[in-house]
Amino acid sequence: MTRPVPSRRHAIADDLRHQISSGHLEAGKRLPSEAQLAAHYMVSTSTLRNALALLQGEGLVEKIHGHGNFVRRGLSRITYIGGAAAPASWNAFSAPLQMTARTTNIEASSHLATLLNVPPGSSLTEVLFTTNEEKTPHGLAHICVPGGLTRDTPPLPERIAPRLAEHYPPLAEVQERFSARLPTQEEATALRISPTLAVLSLTRVSTDATGRVVEAALLVLPGDRADALFTTRLVTEERNSKE
């Protein structure tokens, strides 16, 4: 039986993969430009980019817009621990990450209005979190809470959870919904991943004891470095038998 001849993009990906695994192309090293690689392999730039996309999807190569393609350093897998018990604690990961945050006031889009059960156009406070392991992005999160949360305009990120505790009854329910999807172009650029690499998308809605939604969190994690763990603890009722 004749073995199928690999396509040019797969052959190029195999060659680059071998150079990476053998150490000829070192971690952190910038690859030649796409035009140079296309000329070297005698293919079109489109075919070369398709080959690089295979390696990007495997987590071997990352494309930094404006700088080129680089051999990706080994990445630690991060586990998101589901069932967070307090608002703004979305960063419940199994390993420490560096975090940056930007806080703004926005108007509720139709999607956010539905999640927070508020009229479209309502005032919201949004905090955009970016987490990194050294210089490698590990996740994005938009945390949205109803306006009027605090007299600060906008509030500091680290003050959101205490202010929620001051203004609202304790949380009664935290609902988390995960799905796998392709990233938007904005997400792929921010996370430095291929648009063909799936991400874990989490939507988390926190409701207080009165039934009011006090937080909506939208979290995006790259599929090549993130897992999600949800633990159910069962309570066993002890029954004393009577003699």
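Every read-out reported here was derived from the displayed coordinates using simple, explicitly stated rules and does not represent laboratory data. Since the model is a prediction, treat every value here as computed from it, not as a measurement. Note that we place each Cβ from the backbone using ideal geometry, even for glycine, and neighbour counts take in every protein chain shown.
What do you get for Rg/Rh over the range 8-71 if you use C-alpha atoms and the Kirkwood form of Rh? Before the final figure, lay out each step's value.
On the way: Rg = 10.5 Å, Rh = 11.5 Å.
Value, to two decimals: 0.92.
Hey, can you rank 210-222, 182-194 by average C-beta count inside 10 Å, highest first?
210-222, 182-194
What are the ³J(HN,Hα) values, in whole Hz, obtained from phi via the Karplus relation 6.51 cos²θ - 1.76 cosθ + 1.60 with θ = phi - 60°, for each residue of the range 31-39 in sequence order, with x given for Gly and Pro?
With the stated coefficients, the range 31-39 comes to 6, x, 4, 4, 5, 5, 5, 4, 5 Hz.
For the range 8-71, give the magnitude of the charge dipole about the Cα centre (Cβ charges: +1 Lys/Arg, -1 Asp/Glu; no others), in debye to the nearest 20.
120
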